[in-house]
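Student: Input: one structure, supplied below.
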Amino acid sequence: MTSTQPRGLYALIPTSQSGATPGERAASQLLHLREASVPVPVLVAAAELIAPHLEDADPVTRQAAAAVHARLLAAVADAAPGA
């Protein structure tokens, strides 16, 4: 009988990130972002994609989404002409 478990050095290599969804990973990465140069429409689209998570059932997801959403909106406001 053969095992499906990784063997040798492969057993030390993580294969997943604790079940985090792509959205959770993206929100976590964006929260730590200090500086980026992207077109304003990309910032607006990102803010729209994060917005539904502002009402998430999980309080940690809501908090992270709110922080990221606020930073995205601030970046859009700063990029406005005359700002």
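Student: Near His53, within a Cβ-to-Cβ distance under 15 Å, what is the net charge of the other residues, with Lys and Arg +1 and Asp and Glu -1?
Tutor: That sum, taken over residues with Cβ under 15 Å, equals -2.
Student: Sort Arg62, Arg34 by Cβ crowding within 10 Å, fewest neighbours at the top.
Tutor: Sorted ascending by nearby Cβ count, the order is Arg34, Arg62.
No value in this document is a laboratory result; all are computed from the given coordinates. Computed from a predicted model, the values in this text were never measured in an experiment. Cβ coordinates were reconstructed from backbone atoms using ideal geometry, including for glycine residues, and neighbour counts include every protein chain displayed.
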